[in-house]
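Quick notes on the structure that follows.
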């Protein structure tokens, strides 16, 4: 017997029999929170309850007024518990339980949002004890991308993976520069908050060998091939001039809500000189998958399209993603 077919004559298409309804002061901000943390779809509606979808489920969010604010307790299944938990904290939620595996097959965490709602965030592990090493390997396989250069002949492949408490951005770019071949491999290592810790770039441009080692200490002081770079003090992100990969770092670190803007200063590794210098940047999230990016105090402006991981998929006039394991 199919319950959906039984109830279809008295429920709107796409709705389930039971739909949670949350009443809060600040419904518009609540909708933004759900979209940012859970990739919810749907928009805020001023004069009626907003309807959003998280996965295959709908939630109604209403502005308090006629109805008193309520506190809700919701159990939400997501693809990546740890990542969703991190996004919730960055969006202002308070941790109640850190991610951990529980006996009935879920990896679960719990947070309380600014409106007093409790969210249990879980990923079902298939009813078996999946080791952290295996789970991490499976997650890492979903974070690979390849770009085509638009302004030059070339391609670049990159992957993002985690190891213990560190995040690794690793890739190789092969392209023509001044009609001569170049190949540059890189690895950027960040802490769990996406602050750059160290990086390496190696390869060659024509017949010139490239070997660069970068190290950043806890006070965000930078060293290039063991030489201090005092002008970069306070920079949190590395920006590789020859690659679209490193825009992911401030995008992940800032984790902006739609409409929010942040000014940052990156350590910019220029190409082809490989000089390291500070670069003022502005990131503004204009849509769920679009950031307006400015650098050099407005000298360069572009709208960057990103995927769910944070990789840029379209960098106007420079790079275009040709394939990715993420949406």
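Considering only the range 159-177, state which residues are under 18 Å from the mean Cα position of the chain (by Cα) and part of a strand (DSSP E or B). Selection gives 159, 160, 161, 162, 163, 166, 167, 168, 169, 170, 171. Residues in the range 203-236 that are touching a strand residue (DSSP E or B) at 6+ places or on another chain (Cβ under 9 Å) and in a loop (DSSP other than H, G, I, E, B): 206, 207, 217, 220, 221, 225, 226, 233, 234, 235, 236. For the range 178-194, enumerate the residues that are surrounded by fewer than 16 Cβ atoms within 10 Å (Cβ to Cβ) and either in a strand (DSSP E or B) or touching a helix residue (DSSP H, G or I) at 6+ places or on another chain (Cβ under 9 Å) (or both). 180, 181, 183, 185, 187, 192, 193 - these are the residues of the range 178-194 that are surrounded by fewer than 16 Cβ atoms within 10 Å (Cβ to Cβ) and either in a strand (DSSP E or B) or touching a helix residue (DSSP H, G or I) at 6+ places or on another chain (Cβ under 9 Å) (or both).
Among the residues of the range 286-294, at least one is at pLDDT below 95, closer than 28 Å to residue 41 by Cα and in contact with a strand residue (DSSP E or B) (Cβ under 6 Å, 6 or more places away or on another chain).
So in the range 284-305, with the set limited to residues that are within 18 Å of residue 32 (Cα to Cα) and touching a helix residue (DSSP H, G or I) at 6+ places or on another chain (Cβ under 8 Å), which one is surrounded by the fewest Cβ atoms within 10 Å (Cβ to Cβ)? Ranking the candidates gives 288 first. Given the structure, is residue 100 surrounded by fewer than 18 Cβ atoms within 10 Å (Cβ to Cβ) and out of contact with any helix residue (DSSP H, G or I) (no Cβ under 7 Å at 6 or more places or on another chain)? It is true that residue 100 is surrounded by fewer than 18 Cβ atoms within 10 Å (Cβ to Cβ) and out of contact with any helix residue (DSSP H, G or I) (no Cβ under 7 Å at 6 or more places or on another chain).
Checked against (1) at pLDDT 95 or above; (2) closer than 28 Å to residue 32 by Cα; (3) not in a strand (DSSP E or B), residue 273 passes all but a single condition, namely (2).
Looking only at residues of the range 240-258 that are in contact (Cβ under 8 Å) with a residue 40 or more places away in the chain and assigned to a loop (DSSP other than H, G, I, E, B), we find that the one that is farthest from residue 188 (Cα to Cα) is 258.
Residue-by-condition table, conditions (1) in the same structural domain as residue 192 (by TED's automatic domain parsing); (2) touching a residue at least 60 places away in the same chain (Cβ under 8 Å); (3) surrounded by fewer than 19 Cβ atoms within 10 Å (Cβ to Cβ):
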residue	(1), (2), (3)
20	no, no, yes
26	no, yes, yes
34	no, no, no
46	no, no, yes
61	no, no, no
75	no, no, yes
79	no, no, yes
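You will find that of 82, 43, the residue that is closer than 22 Å to residue 252 by Cα and either over 22 Å from the mean Cα position of the chain (by Cα) or not in a strand (DSSP E or B) (or both) is 82 and no other.
The values are calculated or read from the model by the stated rules, or taken from the named source; none is laboratory data. If you're wondering where the values come from, they're calculated on a predicted model, not measured in any experiment. Backbone-built Cβ (ideal geometry, glycine too); neighbour counts: all protein chains shown.
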